[in-house]
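Read through the structure below, which is laid out as structure tokens, and then see the notes.
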Amino acid sequence: MTTVFGKIIKGELQAEKVFENERILAIKDIHPVAPVHILIMPKKEFANLQSVTSEDYPLLSEIFAVAQKLAKEFGIEKGYRLLTNNGSDSGQEVLHLHFHLIGGKRLGHIG
Ligand code: 5GP
């Protein structure tokens, strides 16, 4: 299933890219909830985290490494949130696995 993120990955839709390699793309969220709001996604299509199997765990590690790098670049390494919505009960809107990297302001407590 091709989503809006699939189209951005293929270059059919525009986005503000902040990181890209062969496997991963990171873009600025179109509706940021904080001064820094970046979406980090694998180029390979997975609906969400629940669809990822162990053969693709290295990709998840790489996404975390990209999150660390971008947190430094954007000056939020002292405090940020990295989250993924998974499935309808979470409010997931785009069915292409992505992690929100959010920071740059005091974030409300969750959990
Ligand atoms: P979800 O609820 O699926 O975890 O989050 C989807 C996110 O994608 C939302 O924060 C939304 O603002 C963002 N988004 C939706 N469409 C676009 C788009 O076309 N471009 C960008 N850059 N972000 C998008």
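The values are calculated or read from the model by the stated rules, or taken from the named source; none is laboratory data. Computed from a predicted structure; not experimentally measured. Positions of Cβ are generated from backbone atoms using ideal geometry, with glycine treated the same way; all protein chains shown enter the neighbour counts. For accessibility, only protein heavy atoms count, side chains too; no ligands or nucleic acids. Shrake-Rupley method; radii C 1.70, N 1.55, O 1.52, S 1.80 Å.
At-a-glance table
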read-out: Which of 81, 106 is most accessible, then next, and so on - probe 1.4 Å; value: 106, 81
read-out: Cα-based Lys pair tally, the chain, threshold under 16 Å, eight or more apart or on separate chains; value: 15
read-out: Global geometry of the stretch 50-92, whether rounded, prolate or oblate, following the gyration tensor of its Cα atoms and the 1.5 cut on a/c; value: oblate
read-out: Linear extension gain, residue 44 paired with residue 73, 0.36 nm per residue minus alpha-carbon span; value: 8.0 nm
read-out: Relative contact order for the stretch 44-110, counting Cα pairs under 8 Å that sit 6 or more residues apart, in percent; value: 41 percent
read-out: Backbone N under 19 Å from the residue 13 label point (7 Å along Cα→Cβ), restricted to the stretch 83-111; value: 84-88, 91-101
read-out: Portion, in percent, of the accessible area of the chain that falls on carbon or sulfur, probe 1.4 Å; value: 51 percent
read-out: Per residue accessible area of the chain, 1.4 Å probe, in Å²; value: 62 Å²
read-out: Size of electric dipole in the chain: Cβ of Lys, Arg +1 and of Asp, Glu -1, about Cα centre, debye, nearest 20; value: 380 debye
read-out: Summed side-chain charge close to residue 18 - residues other than residue 18 whose Cβ falls under 11 Å, Lys, Arg +1, Asp, Glu -1; value: -1
